[in-house]
Amino acid sequence: MHGVFLTLLGPVLVLWVGALVLDLVDRFLEPQDRGGAEAFVLALGTASLLVARSQANVPIVFGQFLAAAGWTGMPPFLIAERTTWILALIIVGGSWMASLATLGQPTSGRAGRLAALGAALLFLFAGDWATLILAWALVDLALLYALARGRRTDGGGHEGLGWTGALSLGGAVALGIALLLGQQAEGSAWGISSRVDMAVSHALLQGTVTGSSVLVAALGVLAVLLRLMPFPLPTWQTITERDSDREDRPIVRVMLVAIPCLLGLHLWARLAQSGAIALGGRWFVLWLICAGMGLAVTAIKAWSTQDPDQVVTCVNGYAGAVLLLGAGLALRTDWMLPIGINVVLSASALYVSWTQGQYLRVSNLRSYWRIVPSLVALLSLAGLPLTIGFAARAGLYKTMLAGGKWLALIVLMAGEALLMGALLRVIFGIEGASHEEGQALEESEQVDAAAVSPAPSPAPETGRIRWMREIHYGAGAALAAAIVALGFAPGLLMIPGFGSWLGLLTVPIFAALLLPIVGAIALYRSQTAENPTQVFPAAIMGWGPLARRLLSLDWAYKLVESILQRVGSVIWATTQVVQGAGYMAWVLLVCLVVLLFVLMR
Amino acid sequence: MLPWKELISQLAHLSGLPALIGLVCTASVIAIARDWRFELWALLAQYILVGVLHLRMLPFELALVRVLAGVLVCPMLYWAARWVESERAHKAQIERQQLAEQGQVPLPPLPWPVRPTSGMFVLLAVLLLGMVLYSVSSSFPLPFIDADIAPACVWLALIGLFMLVLTSEPLPAGMGLLTMVSGFGLFFDVMGPGLVGIGVLSALDLIMGLSISYLAIVRDLTGEVL
Amino acid sequence: MNPLILALPGPLFLVLAAVIVAVCSYVTHRWTIASGVIAAVGCLVLAWTCMQRLLGLPVVLFGRTLLLGNSLVVLGREWAFTPSGLAALTFILGAAGLVYLFGLPASQGWSFHASGVLVIAVLSLSITAQQYVYAILFLWLAASLAAFVFAGGRPGASIGALRFMVLTAVAAMVLLVMPAFLDPGGISRTAAAFAMPPSPAVPAGSAGASSGTLPTASILTVIGFGILLMMVPFHGQLVAIAAHSAPMVPAFTLSVFPPVVFHILFRLGQTDPALFQDQLLVDVCRWTGIAAVAIGGLAAMGQRRLGYLLGYAALVDWGAGLIALGQGTVQGAERATLMLIWRVLSLVLAGAGWTSIYRLAGQRDDLDRCRGMLHRRPLSTLALFLGLLSLAAFPLTPGAAGRWPLILQLMDSQPGTAWVLILAGVGVCVGVITGVRACLSAAPVESRERGVLMVGDTAIALLALWLVGYLFLHPTPWLDVAQRFLSDFNWLAR
């Protein structure tokens, strides 16, 4: 039994068992651990994942008993290549770091989060499509459960929850239908191919192109879109952005960017490798349009608010948009991978460590280390060398320039400049805002040190806060270190090394890398100068809240939901009429009509 | 043969027409009447008349079993209907008092029982069914059965079906079902069911009566006021 | 005589044993759990007995060996065990035992257990009857008794019971009249296991009925079985039973009655294949199946009550079974039979979850009353919606195991039908999502409830999830039962 924990099933089981135990405990007891239990389980999961590294490329069959159920082909199994394992490590490791940054905050929803992570690992390790679809459904259900349990207030804000969950689960259904249609040619009812390539490429289509195969490709395109859930779809992030229910815990935010992005990336890679979406090229433009809209909307949202927290959350939308952009350009898998890892790690580092800026003191040079993780994340997003973002950007710009996608390039650069300018405003703006708080903290520490009263001082309270602060910082620093490490050695991801990416660098690409950074700095400086120049005129800035509200598309979702509710009401009323007291009359009517028809013939 | 048995056997020699007229009346009363008491009495009479027709096709003992089963169904329905009526009256009384207390007004009059269709509509429908019976009997006579009994079978089936279509209340719909089954029972006699078959059919009548009574009581457990 | 051996006619033993269980269950009906346990254990023991008998193994109960004779003759009428009959009885009793077991968390009605076992006793008489007429009569009797099972679980809910009783009565009447029109030349009076009564249409010694009566018999057969098989427009009984009865009643209904109907239908085809030569029943099955699937899928999207949602989801699955039957092949009949099994598992799972939710919602099934149920009873809610998804043939659920092979087969020959099946499943999923949203909504102020109830609900839900999963993943015994059920009917291959 203990052997199973050394396999790929090990981390999955660790997380699920942890989820079950914590859920049961939370039902009977008031949590006292301030998030330590969740961090511990995630640490165990990470350790288990590291141990399972030795099992890479070894299939773990867990569905032998399905053969008795009449399943054809190979039974369900798990397998992890190097890249899949790395994705899993990023998800679990990143969540672990984020959990450390969440210590001291409410623990509600932790069981759902752990279950979602376990299901996400199952998704990544799935060796067959049936397991992948099942894992997809489990991820969504667990996320919905976690977010529902994590709500502070009762009532309100459920529409986003419903739409997001429904659409995401609909993606699983679409993928299932696509695979079943595609597998029809192979005669296997469950999409379990009898030809399993250890490199995890499952050929879905055989023979010539048919209407069915085009439909399969379309459904595959839709499935990727719904897994990523970017703008204008109701993103997972929008659920947590209700004013009455703002979710600002780092671990939730990290999971809501890591899970959709990395799982979407993995799904895209699987489908692309298997050739399932090759025939759907005409629908890739849909991805590009969504990406462009997402980038534009992210930029506008970032500049339409003064709340630093809301600015930071815009990174989530940016992450999904960039991934979609890469998918829409049909990038190579080894060029898409750094994009996904970059956005996830950078967003995670930002979410974990952007609040560290409040401890920055201008007079204390050592305190500048507080904002280093955030700066590293920002630089990685910008694509500077020696961060993983460089590999991400180089491949993306190379493809855009080679393909002549000028519009996409301009939108991407403009969006990046605006977003990073806004983030700079947040990161360095906290320094100014917290200067007085920093002085107050210094004074309070001096008072504590000079206190002569023998009475029990609040030192333990301050000590705990200090420890938490350092742990939070350490988590952000670890993520920043990972960004830099992967920047130095992208070969760890089984992609071309740093030298290869450097070899891609041409003048246009260099310019494309630098221009957004220059633009961001210029925008930031224009805001912080003595006579700040508004990026947008005051008249437009005044419409910021309205613009933000319009761009959140809540009104569109409510409109669609209203229409669907009316249709549902009509269906409900019709069934009540037919199934009500007059049912026998309807039966007689139908029988008479049938009789009439038969007699006429 | 015992005198009373001989007397009853002689009833079998009656032509089907008087029985048919009687069945037309009883079935019509069951369909049209709004008071369950009239309906039950009509049902009882209907079972007896159907029993007389059974005598034409079955041995005396078997026909008696069929009649007894039908007659025993009526008390079941009676007790159920009594309970339902008393419960409804009780609930109506409580609601009237609550209304009076809320509004500080005198007790409002008891509401009339509401039925989805008025008596006139049902009467006209029954007349229409009578015309259907006439045309069906002349154009598509029921095979395998005596010509003077066939219309009775068809009539009972039509009325039973009509009542099932008209209402979903257990008591009136149940009586419609029992009416339809009575008509079927007449036709089934031509199949030569034998003792076991008649026994099962009679048990069916009893079980259906019990079920209908039970459903009538359960239906009224909502607390709704008539 | 060895006191350790008890010899009885098999059909008689079954009926007596079931009646005894029913009586014991009735005596304890005030204590729902005791009554339910008695009924569940009794049914499972009887199922085991039938299985042993089917496999030709000795039956030993409480230290006594039961020698179950094959037949019982009463007044010239015979009731006997056949392989198909025993297989059907094994399934019915086993499924009923599961239904009773998982219905323990809440009362399904004061007479659910006792009357249910009594219904099974009467149905056993229908299955073992060697005369067509008595098979139909006892089926009718059981349907009338079933009113006590359907009603009583909910105050005021009599529609489902009444509708089922009425429609079954109409169907039985039609089917009982059918032999009068049948060509007696097709009847083998001496050797057939399913003898028909003599036709009054044909004088004794004549060659056979006129050709004009066979189509009439065929049409009457179609009408009768059309009602019993709940084809459109007679599907309302299925929805009404689900919507107006206690949570476990749909599982009970669809586990005990359809096997009997299938059994009678297949036996009729075996002894009188002339009835089905014109393929009318097959065509009607297929078309009404498509209609049922379409209606169920469309209606499921707009439902606001769990009972109706379950009813329409079951209708979609039922329609798929009719489409399988409407293929008119051996494979189709096998698929339809297997779908019976998977459907029961789905309904048992859904019912097990719904039972706890139903009790917590104050014996109401409005979605508004289910707010916050996912937090109060996550496992029960999971079981409920997993069961519903199984009825929608969501991949990797029992329902999918039955339906998707049919869909993939139809993709080649009848793609329109295949897509109707797929879209209907999507429609049910939409309904499920509506339900999940309701359960995820913020709960009203919770009243204090006893911890033992919560533990019990969780245990039942876990047990249901495990057991259904286990049975789904180890279907060999069930598949074997299905194979034996169909083994007597080779007319399908003709």
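Coordinate-derived values only; no laboratory data. These numbers were taken from a predicted model, which means no experiment stands behind them. All Cβ positions, even for glycine, are placed from backbone atoms using ideal geometry, and neighbour counts span all protein chains on display.
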Can you compute the label reach from C:Thr65? Point 7 Å from Cα along the Cβ direction, backbone N cut-off under 15 Å, restricted to segment C:7-48.
C:7-8
Gap in Å between the Cα centre of segment A:1-33 and the Cα centre of segment A:366-410?
37
Return B:Val105, B:Val52, A:Val322, C:Val282 ranked ascending by Cβ neighbour count within 10 Å, so the fewest neighbours appear first.
B:Val105, C:Val282, B:Val52, A:Val322
C-alpha center-to-center spacing [segment C:128-170, segment B:200-216] in angstrom
10
For A:Ala481, placing the label point 7 angstrom along Cα-to-beta-carbon and taking segment A:325-342, residues whose amide nitrogen sits under 20 Å are A:342
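Share of antiparallel DSSP beta bridges in chain C, in percent to the nearest 5?
Values: 9 of 15 bridges.
Counting DSSP beta bridges with both partners in chain C, the antiparallel share is about 60 percent.
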Under a Cβ-only charge scheme (Lys and Arg +1, Asp and Glu -1), can you give me the dipole magnitude of the protein assembly as shown about the Cα centre, in debye to the nearest 20?
600
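Please find the FRET efficiency linking C:Val41 to C:Leu462, where r is the Cβ-Cβ separation and R0 is fixed at 25 Å, and quote it to the nearest 0.05. Mind dumping the intermediate values first?
On the way: r = 20 Å, r/R0 = 0.80.
Given R0 = 25 Å and the Cβ-Cβ separation, E is 0.80.
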For A:Ala80, which sequence-distant residues (separation of 5 or more, or a different chain) have an amide H within less than 5 Å of its own amide H, given hydrogens modelled in the peptide plane?
A:Asn57, A:Val58
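Would you compute, from DSSP H runs of 4+ residues alone, the mean residue ellipticity of chain C at 222 nm, taking -39500 (n - 2.57) per run and dividing by the full residue count, rounded to the nearest 500?
-22500 deg cm²/dmol
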Give, in whole angstrom and from largest to smallest, the semi-axes √(5λ) of the equivalent ellipsoid of segment B:16-222, with λ running over the eigenvalues of the Cα gyration tensor.
36, 20, 12
Could you tell me how far the Cα centroid of segment C:306-337 sits from the Cα centroid of segment B:146-183, in Å?
32
Rh by Kirkwood over Cα pairs, then Stokes-Einstein D for segment C:219-317 at 0.692 mPa s and 37 °C, µm²/s:
230
In nm, to one decimal, how far is the modelled label at B:Val196 from the one at A:Ala522, with both set 7 Å along Cα→Cβ?
10.1
Karplus couplings for segment C:74-80 from phi (6.51 cos²θ - 1.76 cosθ + 1.60, θ = phi - 60°), rounded to Hz, Gly and Pro as x?
10, 6, x, 9, 10, 10, 9
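Given an 8 Å cut-off on Cα distances and at least 6 residues of separation, report the relative contact order of segment B:16-222 as a percent. If you can, show how the numbers build up before the last one.
Values: 222 pairs, mean separation 64.2, N = 207.
It rounds to 31 percent for segment B:16-222.
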Mean Cβ neighbour count within 10 Å, used as a protection proxy, ranking B:90-98, C:51-59 highest first
C:51-59, B:90-98
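Roughly how crowded by other chains is peptide B:161-171, in terms of the mean Cβ count from those chains within 10 Å of each of its Cβ atoms?
Working: counts 4, 2, 1, 11, 8, 4, 3, 12, 4, 7, 0.
Whole-number average of other-chain Cβ neighbours for B:161-171 is 5.
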Extension gain A:Thr574-A:Thr506, at 0.36 nm per residue separation less the Cα-Cα distance, in nm?
17.9 nm
Selected from C:Trp31, C:Ala383, C:Met301, residue furthest toward positive end of dipole (chain C; charges at beta carbon):
C:Trp31
Label zone at C:Val23, where the point sits 7 Å out along the Cα-to-Cβ direction: segment C:113-150 residues whose backbone N lies under 12 Å
none
Once amide H atoms are placed 1.01 Å from N in the peptide plane, what residues at a sequence separation of 5 or more from C:Leu6, or on another chain, have their amide H within under 5 Å of its amide H?
C:Thr65, C:Leu66, C:Leu67
B:Leu17/C:Leu16 FRET efficiency (R0 30 Å; Cβ-Cβ; nearest 0.05):
0.05
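Which order, highest average first, do C:256-262, C:271-277 follow once you tally other Cβ atoms within 10 Å for each residue and take the mean per peptide? Before the final figure, lay out the partial values.
Details: C:256-262: 23.4, C:271-277: 18.4.
Going from most to least packed, we get C:256-262, C:271-277.
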Amide H within-cut-off set for C:Ala157, under 5 Å, with H built and near neighbours excluded:
C:Gly152
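Can you figure out the FRET efficiency of B:Asp146 with B:Ala92, using R₀ = 45 Å and their beta-carbon distance, to the nearest 0.05?
Values: r = 49 Å, r/R0 = 1.09.
In this case the efficiency is close to 0.40.
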Measuring from label point to label point, each 7 Å out along Cα→Cβ, what is the A:Val372 to A:Leu589 span in nm?
7.9
Using Cα-Cα distances under 8 Å and only pairs 6 or more residues apart, what relative contact order does chain C have, in percent?
15
Packing-based order for C:385-393, C:107-115, B:160-168, using average beta carbon neighbours within 10 Å, highest first
C:385-393, C:107-115, B:160-168
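Summing +1 for each Lys or Arg and -1 for each Asp or Glu, what net charge is found among the other residues whose Cβ lies under 13 Å from the Cβ of C:Gly85? Provide the component values of the computation, followed by the final result.
Working: positive: C:Arg53, C:Arg267, C:Arg484; negative: C:Glu78, C:Asp488.
For residues surrounding C:Gly85, the net value is +1.
Computed over the Cα atoms, what is the radius of gyration of the protein assembly as shown divided by 2.2 N^0.38 Å, N being its residue count?
Numbers: Rg = 36.6 Å, N = 1321, 2.2 N^0.38 = 33.8 Å.
With N residues counted in the protein assembly as shown, Rg over 2.2 N^0.38 Å equals 1.08.
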Treating only the Cβ atoms of Lys and Arg (+1) and Asp and Glu (-1) as charged, compute the dipole magnitude of segment B:16-222 about its Cα centre; round to the nearest 20 debye.
220
Here segment A:251-264 yields Karplus 3J(HN,Hα) values (6.51, -1.76, 1.60; θ = phi - 60°; whole Hz; Gly and Pro given as x) of 5, 5, 5, 5, 5, 6, 9, 6, 5, x, 5, 6, 5, x
Show log10 I(q)/I(0) for chain C at q = 0.09 Å⁻¹, two decimals, from a solvent-free Debye sum over equal Cα scatterers.
-0.58
Provide the descending list of Cα extents for segment C:43-161 along its principal axes, expressed in whole angstroms.
45, 35, 20
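Summing +1 for each Lys or Arg and -1 for each Asp or Glu, what net charge is found among the other residues whose Cβ lies under 15 Å from the Cβ of C:Ala461?
On the way: positive: A:Arg27, C:Arg359, C:Arg376, C:Arg377; negative: A:Asp23, C:Asp457.
Charge balance near C:Ala461 sits at +2.
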What are the ³J(HN,Hα) values, in whole Hz, obtained from phi via the Karplus relation 6.51 cos²θ - 1.76 cosθ + 1.60 with θ = phi - 60°, for each residue of segment B:204-218 in sequence order, with x given for Gly and Pro?
4, 4, 5, 5, 5, x, 5, 5, 5, 4, 4, 5, 4, 6, 4
